[in-house]
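Novice: Below is a structure I'd like to ask you about.
The values are calculated or read from the model by the stated rules, or taken from the named source; none is laboratory data. Note that the coordinates shown come from a computational prediction; the quantities given were computed from them, not determined experimentally. We place every Cβ from the backbone using ideal geometry, glycine too, and count neighbours over all the protein chains shown.
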Amino acid sequence: MAREARKYSRRMSGLPLEPSAADRDELSGGILEFLHRWIDARDGAPASWPEPDGALIDSLLRAPSVDGIALDQLLDAVGRAADTGFDTAGGAMLSYIPSGGLYTAALGGLVGSVTNQYTGGAHASPGMTAIEESVVRWMVALFGLPATGGGVLLSGGSMANQVAVVTARSKLGDDFRDGVVYCSTRTHHSVEKAARIAGIGADRVRLIASDEHRRLDMDALARQVAEDTNNGLRPMMIVANAGTTDTGAIDPLNACADIAAASGAWFHADAAYGGFFQLTERGRARLSGIERADSITVDAHKSLFLPFGVGGLLVRDRAAVVEAHQGRGAYMQDVPSTDLPHYMEMGPELTRPNRGLQVWLALNLHGTDRFRDELDRMLDLAEHAAARLASTPGVELLDAPELSVVALRAAAGDDDTRRLLDVLVSSREVHVSSTTIDDRVYVRLAFLSQRTTTAIADRAIELIASAASAD
Ligand SMILES: Cc1ncc(COP(=O)(O)O)c(C=O)c1O
């Protein structure tokens, strides 16, 4: 990133732990100036950088200073560190699942850290808990969960899936060895990982085939549930994808809910990627049935464009999560019962960052309609890209996008698809990633950053078209 003369003057180092008002001014002025310059530089910044040299990484690995280092030197190191790998905050990030990193939410994080109020127990900060609960209740209502519902903000989708698995498991009692988890072969690996961490054996996790559109094959699921039940096993949990990571495919949510209801299994929807498309008309229609879930994983750092570190689990019955996760030490005997939730009883965390403030500030500053419009724009970008790529010679599209991911391959086969991937990544104009589906390699274009413009999408398509025609 371009490093220009700084507007702040003093070199700060060796600061007392409680800086004076003048020092605070100087620090925040310097840091804000750095951040604004950094944001302005995103437009036109490379999508990725060459391998960093060893000297840079060694300098960043250095142990913290004993006496303190000047702020401008430290910001210089941050700028160099940020210019490595690929730019997950830039609009040209089309790989994996992008995360926009809204500035307003980042400011909410700063406010939450500076005020540093404790939100593990509602008694410590009823006000901050109410702020967090206002966004949880907004999410619960958005997904049509009932008044018994609730939720907790966690670090991301993996933690949310973990809390969901532990909650479903606890419904079976202490001996859950006969309990079975069902999910599709396209389910995010965090579900299998959560099951393993929760002590559920690999022989109790069924990876059910997906159909020709990468959605859970419902006949295969019904057969497997029936077979397991006949063999004396207990269906513990059915996990449906509300937007797979690979392609954004949405499993048949109503049919999953039917099988879960008939078999007594907990019905979990992993909407880490797809969840907040519920704000849009198209998304709501496609996610129909999600309101029947016992639990829903969401990730504000995906489809609400927040900076990394804010996901959540929403549940139909808040008491079920509390039953699975409560616990107190004698040193907590003064914690009273309150009308507001104690979030420490809804997951593994006791002390936790004030995540609610980030979501609350962003939602309230922009208004929820802005998020709806931006998610609609992401759906439009995917449709636009799919339409152009469908008529691009030498390119095969996998499916019409259900959400904002477009998966494609070179018609000539895997070697050419890998070459296509290489051309796109090494252009440093866009950053993309790949996946393997039914033994074939696919390149993915994922649209989920407020900084991704139609011009960036078009540039990706041009690069694909010229690489495909050169093959
Ligand atoms: C569908 C799905 N579930 C879960 C996760 C895990 O979320 P996180 O990376 O926030 O832990 C992801 C991440 O991409 C995802 O796409």
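To keep it simple, each residue is scored yes or no on (1) touching a residue at least 40 places away in the same chain (Cβ under 8 Å); (2) buried (at least 17 other Cβ atoms within 10 Å of the Cβ); (3) outside the structural domain of Thr187 (by TED's automatic domain parsing); (4) among the charged types (D, E, K, R).
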{"position": "Pro393", "(1), (2), (3), (4)": "yes, no, yes, no"}
{"position": "Leu397", "(1), (2), (3), (4)": "no, yes, yes, no"}
{"position": "Asp415", "(1), (2), (3), (4)": "no, no, yes, yes"}
{"position": "Leu421", "(1), (2), (3), (4)": "no, yes, yes, no"}
{"position": "Asp439", "(1), (2), (3), (4)": "no, no, yes, yes"}
{"position": "Ala446", "(1), (2), (3), (4)": "yes, yes, yes, no"}
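Novice: Still on this structure, I have one more. I'd like to know if the range 179-201 contains one or more residues that are assigned by TED's automatic domain parsing to the domain that holds Ala320, more than 16 Å from the ligand (Cβ to nearest atom) and acidic (Asp, Glu).
Specialist: No, the range 179-201 has no match at all.
Novice: Within the range 330-346, does at least one residue satisfy the condition of being within 25 Å of Ile290 (Cα to Cα), without any contact (Cβ under 8 Å) to a residue 60 or more places away in the chain and outside any loop (DSSP other than H, G, I, E, B)?
Specialist: yes
Novice: Continuing with the same structure: In a loop (DSSP other than H, G, I, E, B) and either surrounded by fewer than 23 Cβ atoms within 10 Å (Cβ to Cβ) or away from the ligand (no atom under 14 Å from the Cβ) (or both): is that true of Gly309 in this structure?
Specialist: In short, yes.
Novice: Can you list the strands (runs of 3 or more DSSP E) found entirely within the range 355-471 that contain at least 1 residues being at pLDDT below 95?
Specialist: Counting at least 1 such residues, we get no strands (runs of 3 or more DSSP E) at all.
Novice: Name the residue, out of Glu51, Glu26, Glu33, that is surrounded by 18 or more Cβ atoms within 10 Å (Cβ to Cβ) and over 26 Å from Gly311 (Cα atoms).
Specialist: The match here is Glu26.
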